[in-house]
Amino acid sequence: MNVQIEESWKQHLQGEFDKPYFEQLTQWVRQEYQTTTCYPPGREIFNAFNLCPFDKVKVVIIGQDPYHEHGQAEGLCFSVKPGVMMPPSLVNIFKEIEDDLGTPMPMNGSLVRWAEQGVLLLNATLTVRAHQANSHSRLGWQTFTDAAIRVLATEREHIVYLLWGGYARGKASMIDREKNLVLESVHPSPLSANRGGWFGNHHFSQCNAYLAAHGLAPIAW
């Protein structure tokens, strides 16, 4: 199949594109986009990959599925387009960055700048129906995104994996902790973060220290 995705990822994931599940997934997603409102816009479905080539990945953050209200999703987990009100989880992420690194809260919630520095902002499910969280979670996207995590874990090393919340932490078994850094905590959503375990986790400074220790430029969070 001729999937419109960044070339290095296309090479590493070509085997997935040729499998029956992916052909079925493509048909389902195409039908959904033709018959109802879905997010992100079609051209941004693979934004996480397109903005962060395979060999440039330094950090992986795993989300569950895209934001499902108008104008929010831009194909990057936790990220919203400039001008859109920041969701509470993203506000808590920026609060922890400020406490951890002293970096002030940014003017908008777009994380494109992170992606361009080597942060793979990967939702396990890449599309969603408007106003219906997890509505595409059974279409087969997770088979594809798990394959992306596995190929990174197999062919790359010295990557920092930030696993926030039970869902993301469930991916830890795919990652070799001897070759990479895995940092886990509760989810930054208010429901989880306010119970303790999010604020003060120092994931961002730990991440940058690990990258620097392996000769890699830290992320300007």
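The values are calculated or read from the model by the stated rules, or taken from the named source; none is laboratory data. Remember, predicted model here, so these are calculated numbers, not experimental data. Don't worry about glycine lacking a Cβ; one is built from the backbone with ideal geometry, like all the others, and counts go over all protein chains shown. The accessibility values were calculated without ligands, DNA or RNA, using every heavy atom of the protein model including side chains. Shrake-Rupley method; radii C 1.70, N 1.55, O 1.52, S 1.80 Å.
Selection of first residues in the range 196-221 that are in contact (Cβ under 8 Å) with a residue 12 or more places away in the chain and assigned to a helix (DSSP H, G or I) and of second residues that are of a type in the set (Asp, Glu) and surrounded by 11 or more Cβ atoms within 10 Å (Cβ to Cβ), restricted to Cβ pairs under 8 Å at least 6 apart or on distinct chains, gives the following pairs, ordered by first then second residue: HIS203/GLU96; HIS203/ASP100; PHE204/GLU96; PHE204/ASP100; SER205/ASP100.
Yes/no per residue for (1) in contact with a strand residue (DSSP E or B) (Cβ under 7 Å, 6 or more places away or on another chain); (2) farther than 19 Å from ALA153 by Cα:
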residue	(1), (2)
CYS38	yes, yes
PRO41	no, yes
GLU44	no, yes
PHE49	no, no
VAL57	yes, no
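Taking the range 167-203 as the range and being of a type in the set (Phe, Trp, Tyr) and more than 16 Å from the chain's Cα centre (by Cα) as the test, the residues that pass are TRP198, PHE199. Of the helices (runs of 4 or more DSSP H) lying entirely inside the range 85-170, those containing at least 2 residues that are of a type in the set (A, V, I, L, M, F, W, C) and open to solvent by 10 Å² or more (accessible area, probe 1.4 Å) span 88-101, 141-155.
The rows are residues; the columns are (1) of a type outside the set (D, E, K, R); (2) at pLDDT below 95; (3) touching a His at 6+ places or on another chain (Cβ under 8 Å).
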residue	(1), (2), (3)
VAL128	yes, no, yes
ARG150	no, no, no
VAL182	yes, no, no
ASN201	yes, no, no
CYS207	yes, no, no
ALA213	yes, no, no
ALA217	yes, no, no
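Residues considered: ASN208, ASN194, ASN180. Of these, the only one that is of a type outside the set (D, E, K, R) and open to solvent by 40 Å² or more (accessible area, probe 1.4 Å) is ASN194. Go through (1) within 21 Å of HIS68 (Cα to Cα); (2) at pLDDT 95 or above; (3) in a helix (DSSP H, G or I) one by one and return the number of the condition SER192 breaks. For SER192, the exception is condition (2).
Consider the range 1-26 and keep the residues that are farther than 30 Å from HIS214 by Cα and either touching a strand residue (DSSP E or B) at 6+ places or on another chain (Cβ under 9 Å) or aliphatic (A, V, I, L, M) (or both). The one that is surrounded by the most Cβ atoms within 10 Å (Cβ to Cβ) is LEU25. The set of residues from the range 27-84 being of a type in the set (S, T, N, Q) and surrounded by 16 or more Cβ atoms within 10 Å (Cβ to Cβ) comprises ASN47, ASN50, GLN64, GLN72, SER79. Residue selection: ASN2 fails the criterion of being under 16 Å from the mean Cα position of the chain (by Cα) and either closer than 16 Å to GLY118 by Cα or modelled with pLDDT under 95 (or both).
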